[in-house]
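For reference, the structure is listed below as C-alpha cells.
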Amino acid sequence: MDSARVLNYINNEWTDAGADETGPVVNPATGEAIAEVVLTAPDGVGRAVEAGERAFAEWRETPVVERVQPLYRLKMLLEEHLDEIAATITDECGKTLAESAGEVRRGIENVEVACGMPTLIQGYSNEDIARGIDEQMIRQPLGVVTAITPFNFPAMIPLWFLPYAVATGNCFILKPSERVPMTAVKLFELIEQAGFPKGVVQLVNGAAQTVDALLDHPGIRAVSFVGSTPVARYIYGRATANGKRAQCQGGAKNPVIIMPDADQETTTRIMADSAFGCAGQRCLAASVAVIVGEARGRFAESIGEAAAGRRVGYGREDGVEMGPVISPESRARIEQLVAAGEGEGAKLIADGRGRAVSGYEDGNWVFPTVLDRVPPEGEIAKTEIFGPVLSLMHAETLEEAIGLVNARTYGNMACIFTSSGASARKFRHEADAGNVGINVAVAAPMAFFPFSGWNESFFGDLHAQGRHGVEFYTQTKVVVERWPREWSRKF
Ligand code: NAD
C-alpha cells in the first residue's frame, strides 16, 4: 500500500486543519509504514468544535424520525463495505480478517439500535399530579460531544458512541487512536455518503495534545473515552473538572473460574479463543484462569496444547488464527511481564517469546503463552498484560475461587465454567465485575445492553451502548403545567 496522509473531516471537508505534525501508522505484521496521520493542534480542534456548535442549532430542531435516516443509510453502507473495512483493520491493527469482520458486525449492531431512537428517547408523563396540573419529563441533547477511542477495536468502539450521540440530536467529534486512524477514515467516507448535515459528525486526528484541547474546550459538553486505566482516570478527572459529563472505560484483568464439573473440551476451546483471540488485545480477554479442585491438571494440559497448536501469522492469510500485537514496545512489555511472572515463581507451560513468523520477520510476534501457578499476591496476577498470555491459579473451593476473582482492582469481566446451576447462580450474584459470563469467556454485551465495566475498569456512571447511551447523551427536562379546566370555558 502506498504511504497515505490521514486527514481530519471537519465541517464535511477533508482537511489537515493546519496541522504541521504527523505520526506514523505501521502495519504490525509487516513492520511497514503504511500512512502518516495528522496530529491536530488546539486551533484545529477549535475549528471542529465551532462547526459542531453551528450545526447543533439546526440539528437539535430536526425531528428524531429524520435524524435517524442517515443512520439507516450508514447501516446499509457499512454492510456493503464490510470486507473493505475489515481489511483496513487487519492492516493497521493486526487482527485476522474474521476477527476484523466480527468487530465491524458488532459496530453495525449499535447503528441498528440507535435507529430505534424515536422510541428510545421517549420521556414519561403523568396527567393530574394535582387537579389540572400535568408533569412530563422530556430528553434533550447536550450540544457538541466527543469520543476518544483506543487502538484495539478501531471500527466497533467509535460506533459504541457515534450513532447514539447523533440520533439524540448532538453533534459528534471522534478522536480515534493515532495508531489505527485509517479505519476511521473508511467509516467517515461512508458517513459522508450517508448524508449528515455539515458539522454533525466530525473526525479529528491526533494524540495527547489533541485530547487535551478537546477536554479543555468549553464548547465540548460530554466526553466518552475507552482506553487504558491511567488515561481513563486522567481524562475523567480533567473532563469533569471542566464541568463536562464523562464516561471513561479503562483496562482489565479478567478472571475466569473453571469448576471440576465444566465440560472440558468446550471450556478449553472457548478459553483459548478468549485468551489468544485478537492476540489477547481485547478488553474482555480471559487473562486469569482460576482452576478449582481436580480440574487443575486436565485444564493446564489441554490449554497448553491449544496454545501450542494455534496458528499465528499475518491476519490477511487463510487459516491464520492469531495476528501480531500492536507495536514493538507492546511486544517488549509483554515479554518483560512474562519474565517477571517467572521471577515470581510461575511456571511456563507455553512460551511465546522470541518467535517470528516466516516471511514476516519484522512483525510484532508474541505466540500464545501460558503461565501456571501464578501467585495470587504477586504483581503479574494484578497487572494488565494486554497480550496473548493466560495466567493459571488454583483454588480448592468455589468460595476460594470467588475470593481470588474479587481480590482484583479491575472489574471489566468475570466468568465461570460449570454445569451446576447453583454454582453459576452464586457466582453471578457475588462476582465483583460489571460484565459476567456463564459458560462464556468473552461476555460482550449486545448493543442493546450497557457495556458495564466496574471498579478501575470504569469511571463514571452511565456506560456505553443502548439505553445508557441515550441517557448519557441527553439531559432531562421536567415540565409542570397548570391548565385549569375552567379556563377552557372562557372561549
Ligand atoms: P490508551 O489509553 O493508550 O489510548 C486510548 C486513547 O487515549 C487514544 O486515543 C490515545 O490517543 C489517547 N491518549 C493516550 N495517552 C493519552 C494521554 N496521556 N493524554 C490524553 N490522551 C491520551 O489505550 P490503547 O493502548 O489505545 O488501548 C488499550 C487499552 O484500552 C487497554 O488497557 C484495554 O484494556 C483498554 N480497553 C478497554 C475497553 C473497555 O471497554 N473497558 C475496551 C477496549 C480497550
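The values are calculated or read from the model by the stated rules, or taken from the named source; none is laboratory data. These numbers come from a predicted model, not from an experiment. Methodologically, a virtual Cβ is constructed for each residue, glycine included, from the backbone with ideal geometry; neighbour enumeration extends over all protein chains shown. Quick note on the areas: whole protein, heavy atoms, side chains included, nothing else; ligands and nucleic acids left out. Shrake-Rupley method; radii C 1.70, N 1.55, O 1.52, S 1.80 Å.
Every condition in (1) open to solvent by less than 50 Å² (accessible area, probe 1.4 Å); (2) more than 27 Å from Trp14 (Cα to Cα); (3) of a type in the set (A, V, I, L, M, F, W, C) holds for Leu142 except the one numbered (2). Exactly one residue out of Glu342, Glu361 is more than 22 Å from Glu301 (Cβ to Cβ), free of Cβ contacts under 8 Å to residues at least 60 places away in the same chain and not aliphatic (A, V, I, L, M): that is Glu361. The residues in region 194-218 that are touching an Asp or Glu at 6+ places or on another chain (Cβ under 8 Å) and near the ligand (Cβ under 8 Å from one of its atoms) can be counted, and the count is 2.
Every condition in (1) among the β-branched types (Val, Ile, Thr); (2) within 30 Å of Ala87 (Cα to Cα); (3) open to solvent by 10 Å² or more (accessible area, probe 1.4 Å) holds for Ile133 except the one numbered (2). Quick one: is Arg353 closer than 17 Å to Phe276 by Cβ, assigned to a helix (DSSP H, G or I) and of a type in the set (D, E, K, R)? No, not satisfied. Take the conditions within 16 Å of the ligand (Cβ to nearest atom), exposed (fewer than 15 other Cβ atoms within 10 Å of the Cβ) and of a type outside the set (A, V, I, L, M, F, W, C) and apply them to Thr409. Does it pass? Considered against the rule, which asks whether it is within 16 Å of the ligand (Cβ to nearest atom), exposed (fewer than 15 other Cβ atoms within 10 Å of the Cβ) and of a type outside the set (A, V, I, L, M, F, W, C), Thr409 comes out as yes. Answer with yes or no whether Arg221 is within 16 Å of the ligand (Cβ to nearest atom), basic (Lys, Arg) and open to solvent by 20 Å² or more (accessible area, probe 1.4 Å). Judged against the criteria, Arg221 is not a match.
Of everything in region 286-325, what is within 16 Å of the ligand (Cβ to nearest atom) and open to solvent by less than 10 Å² (accessible area, probe 1.4 Å)? Give them in sequence order. Once the filter is applied, which keeps residues that are within 16 Å of the ligand (Cβ to nearest atom) and open to solvent by less than 10 Å² (accessible area, probe 1.4 Å), region 286-325 yields Ala286, Val288, Gly323, Pro324, Val325.
Right, Thr168: open to solvent by less than 30 Å² (accessible area, probe 1.4 Å), among the polar types (S, T, N, Q), farther than 18 Å from Ser452 by Cα and more than 16 Å from the ligand (Cβ to nearest atom) or not? Answer is yes for this residue.
With respect to being surrounded by 19 or more Cβ atoms within 10 Å (Cβ to Cβ) and over 30 Å from Arg467 (Cα atoms), Val366 fits the description. You will find that of Ile191, Ile235, the residue that is open to solvent by less than 40 Å² (accessible area, probe 1.4 Å), away from the ligand (no atom under 11 Å from the Cβ) and either touching a residue at least 24 places away in the same chain (Cβ under 8 Å) or over 20 Å from the mean Cα position of the chain (by Cα) (or both) is Ile191 and no other. The listed residues are Ile89, Ile85, Ile108, Ile121, and the only one of them that is in contact (Cβ under 8 Å) with a residue 12 or more places away in the chain and farther than 19 Å from Phe153 by Cβ turns out to be Ile121. Considering each residue of region 70-93 in turn, at least one proves to be buried (at least 20 other Cβ atoms within 10 Å of the Cβ), in contact with a Leu (Cβ under 8 Å, 6 or more places away or on another chain) and polar (S, T, N, Q).
Residues in region 13-36 that are touching an Asp or Glu at 6+ places or on another chain (Cβ under 8 Å), buried (at least 18 other Cβ atoms within 10 Å of the Cβ) and more than 23 Å from Tyr360 (Cβ to Cβ): Ala17 alone. When only residues in region 124-157 that are acidic (Asp, Glu) and without any contact (Cβ under 8 Å) to a residue 40 or more places away in the chain count, which is nearest to the ligand (Cβ to nearest atom)? Going through the qualifying residues, I end up with Glu127.
Note on region 421-469: among residues that are away from the ligand (no atom under 15 Å from the Cβ) and among the aromatic types (Phe, Trp, Tyr), the one that is farthest from Leu404 (Cα to Cα) is Phe448.
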